[in-house]
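The values are calculated or read from the model by the stated rules, or taken from the named source; none is laboratory data. Just so we're clear, the structure is a prediction, and the values are computed from it rather than from any experiment. No Cβ is skipped: glycine too gets one built from the backbone with ideal geometry, and neighbour counts run over all protein chains shown.
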């Protein structure tokens, strides 16, 4: 790695940081730390490495932000197809935005998963471009600066570790590749299990429409975050809005009989599935998630009503 950095220099830093921010599973922090270690002998190199890392990070983030502005939550579904486990990160990102607001962009790069999800989510939520650029760039400076400082502080240890790996040669590379492959395989298997867990139990929009028109008791629960509900202030007629994080406290208010349908507005219906699992654990075994959520309901051409999230 040190040889590659010496040969290709800042172009390698630019390419790896940009690739990571675009969503590829390539860790950029070790390379930025290595650049920091090399800055011990050349401080100017460290300054240029900081500027290049921030520029590459901002470039990738802007691309995702624009995609979020133009495509909304559809771009988040795209991320779920190309990544290993961003669907739960979408909900976590929504919760983080709800709690910390725009300051989320400052800390996003320090949180695995949130770094990739935050820019398109900011775009989907309609964040102003000027505010996005300011806070996202500040976060990129803090992230790249922290990695460079760590490289400076531990320059000797980094050089020693690289020397040891160099002595191992191809064996070290093979071991790292094996560990990475096992990790990816484990995450993929866990993801597929989670997606299939309630696949057969999901209710199609047309089934819910038939239930609502049957005259039988039906309870529809909207578990979207308040932030998303405010950005998309419509719901399935008669639905009760209970955020996923508050569901445990309001279980007693839900009926023990009749159909109980849960929906969200997130990739793979992950929040609705998680809510259904909570309801099952509480004894409400008749709860089922709605396939496609509010977006699937609207895409089918069914009626929605306006509401204000609590």
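Can you find, within the range 107-124, the residue that is modelled with the lowest pLDDT among those that are on the phi < 0 side of the Ramachandran plot and surrounded by fewer than 20 Cβ atoms within 10 Å (Cβ to Cβ)?
Kept after step one, since they are on the phi < 0 side of the Ramachandran plot, are these residues of the range 107-124: 107-112, 114-124.
From the residues that got through so far, the ones that are surrounded by fewer than 20 Cβ atoms within 10 Å (Cβ to Cβ) too are 107, 110-112.
Details: 107: 88, 110: 86, 111: 78, 112: 70.
Taking the candidates together, the pick is 112.
Yes/no per residue for (1) in contact with a helix residue (DSSP H, G or I) (Cβ under 6 Å, 6 or more places away or on another chain); (2) crowded, with 21+ Cβ neighbours inside 10 Å; (3) part of a helix (DSSP H, G or I):
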residue: 245; (1), (2), (3): no, no, yes
residue: 269; (1), (2), (3): yes, yes, yes
residue: 273; (1), (2), (3): no, yes, yes
residue: 278; (1), (2), (3): no, no, yes
residue: 285; (1), (2), (3): no, no, no
residue: 295; (1), (2), (3): no, no, yes
residue: 308; (1), (2), (3): no, no, no
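A quick yes/no check of all residues on (1) at pLDDT 70 or above; (2) in a helix (DSSP H, G or I); (3) in contact with a strand residue (DSSP E or B) (Cβ under 6 Å, 6 or more places away or on another chain):
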{"position": "164", "(1), (2), (3)": "no, yes, no"}
{"position": "167", "(1), (2), (3)": "no, yes, no"}
{"position": "173", "(1), (2), (3)": "no, yes, no"}
{"position": "179", "(1), (2), (3)": "yes, yes, no"}
{"position": "208", "(1), (2), (3)": "yes, yes, yes"}
{"position": "219", "(1), (2), (3)": "yes, no, yes"}
{"position": "230", "(1), (2), (3)": "yes, yes, no"}
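If you take the residues in the range 13-40 that are under 25 Å from residue 66 (Cα atoms) and out of contact with any helix residue (DSSP H, G or I) (no Cβ under 6 Å at 6 or more places or on another chain), which one is surrounded by the fewest Cβ atoms within 10 Å (Cβ to Cβ)?
27
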